[in-house]
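So the structure is just underneath, and the comments pick up after that.
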Amino acid sequence: MNLYLRLIRVVVAALFGRRIGLLDESVLRFRVWPNDLDLNLHMNNGRYLTVMDLGRFDLMLRAGLAGTIRRRRWMPVLGAATIRYRRSLAAFAGYRLRSRLLGWDEKWLYLEQGFEDARGAVAAHAVVKAAFLHRGGAVPTAEIAAALGWQGPSPALPAYVLALRDGEEAMREGLRDAPRAA
């Protein structure tokens, strides 16, 4: 199924489905179609990342952030994504995508997204670092949380997210100091 058709399905389901809280989980069900496959006849690793966009979109819609994004002209962007592939998803296999916001720091939102096969076994697990931009700068995460009615600080981020954040920061620093190619 074309990704645009999946997007329409996600939007319609979110608009007519149940609302969720800021830290609640979004669950989407999909099937692996032939255009999702790679040469090994299982879901292409890049397709996981594309389908994850749909999960984050569903999360924003169901949490009630879409109207705020539109009114304030915020633009969602990714800063980093780390994914671990565990099992293949074969052609025509059904699967679930679970997405949830884990917490935030001053600039970044940290989300967890996981793919499960029909038996509930983890096929892939990802952590995503995202932000909203407005007029070239990042919208403070406290403003985003307040727009959704959240009072107080972020929930504590899991140790593995902190480790990924630190590793990503070290990589950014290393690239800044690396010599430029001619």
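Filter the stretch 162-182 down to residues that are among the acidic types (D, E) and open to solvent by 80 Å² or more (accessible area, probe 1.4 Å) and give me whichever is nearest to F57 (Cα to Cα).
D166
Does the stretch 77-93 contain at least one residue that is hydroxyl-bearing (S, T, Y) and touching a His at 6+ places or on another chain (Cβ under 8 Å)?
yes
Which one of these does R119 not meet: (1) more than 14 Å from A80 (Cβ to Cβ); (2) among the basic types (K, R); (3) not in a loop (DSSP other than H, G, I, E, B)?
(3) is the only condition that R119 fails.
Give me the residue from the stretch 40-84 that is among the aromatic types (F, W, Y) and closer than 24 Å to A124 by Cα and, out of that set, nearest to the chain's Cα centre (by Cα).
F57
Give the stretch 124-161 a look and list any residue that's assigned to a loop (DSSP other than H, G, I, E, B) and either aliphatic (A, V, I, L, M) or open to solvent by 50 Å² or more (accessible area, probe 1.4 Å) (or both), or say none.
R135, G136, V139, P140, L148, G149, W150, Q151, G152, P153, A156, L157, listed by residue number.
Where in the stretch 1-112 are the strands (runs of 3 or more DSSP E), entirely inside, with at least 2 residues that are at pLDDT 95 or above, buried (at least 16 other Cβ atoms within 10 Å of the Cβ) and of a type in the set (D, E, K, R)?
Because the criterion is at least 2 residues that are at pLDDT 95 or above, buried (at least 16 other Cβ atoms within 10 Å of the Cβ) and of a type in the set (D, E, K, R), the strands (runs of 3 or more DSSP E) in the stretch 1-112 that meet it are 94-104.
The values are calculated or read from the model by the stated rules, or taken from the named source; none is laboratory data. Given the structure is predicted, the values throughout are model-derived calculations rather than measurements. Quick reminder, even Gly has a Cβ in these numbers, built from the backbone with ideal geometry, and neighbours come from all protein chains shown. The protein model used for the area step is the full one, side chains on, heavy atoms only, and it has no ligands, DNA or RNA in it. Shrake-Rupley method; radii C 1.70, N 1.55, O 1.52, S 1.80 Å.
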